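Chemist: Quick one: structure below, then a few questions.
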Amino acid sequence: MQVQCGAGIADGSGDAMVGAWLPTTHADYYAEYEGKFEDLGANLSGTKLGLVVPAYMDIDSIEDLKE
């Protein structure tokens, strides 16, 4: 069994994708390859993505890193 990303599942080079955070991170893959794979349902719900700035940094936001 070969585990891959959404493209690998769609083109047949992979057998399964066990870590798709749908729809949080892999929604684009899902939309692009919909109908070319078997959707077994959600494995995670309520997931969130984000970035944080550690307290030891002398900045207040990610934008401050541009400098």
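The values are calculated or read from the model by the stated rules, or taken from the named source; none is laboratory data. Computed from a predicted structure; not experimentally measured. With ideal geometry, Cβ positions are generated from the backbone for all residues, glycine too; neighbour counts draw on all protein chains shown. These area figures cover heavy atoms from the full protein model, side chains too; ligands, DNA and RNA do not enter into them. Shrake-Rupley method; radii C 1.70, N 1.55, O 1.52, S 1.80 Å.
Chemist: Just for the stretch 41-67: of the residues that are within 16 Å of the chain's Cα centre (by Cα) and of a type in the set (A, V, I, L, M, F, W, C), which one is most open to solvent (accessible area, probe 1.4 Å)?
Modeler: Selected residue: Leu51.
Chemist: Further question: Check off (1) assigned to a helix (DSSP H, G or I); (2) farther than 16 Å from Gly8 by Cα; (3) modelled with pLDDT of 80 or more for Leu65 and give me the number that stays unchecked.
Modeler: All conditions pass for Leu65, except number (3).
Chemist: Now for a different question. Tell me, which residue of the stretch 20-40 that is outside any loop (DSSP other than H, G, I, E, B) and open to solvent by 100 Å² or more (accessible area, probe 1.4 Å) is modelled with the lowest pLDDT?
Modeler: Ranking the candidates gives Asp28 first.
Chemist: Report every pair of residues separated by at least 6 positions or lying on different chains whose Cβ atoms are under 9 Å apart, first residue within the stretch 41-62 and under 14 Å from His26 (Cβ atoms) and of a type in the set (A, V, I, L, M, F, W, C), second modelled with pLDDT of 80 or more and open to solvent by 70 Å² or more (accessible area, probe 1.4 Å).
Modeler: none
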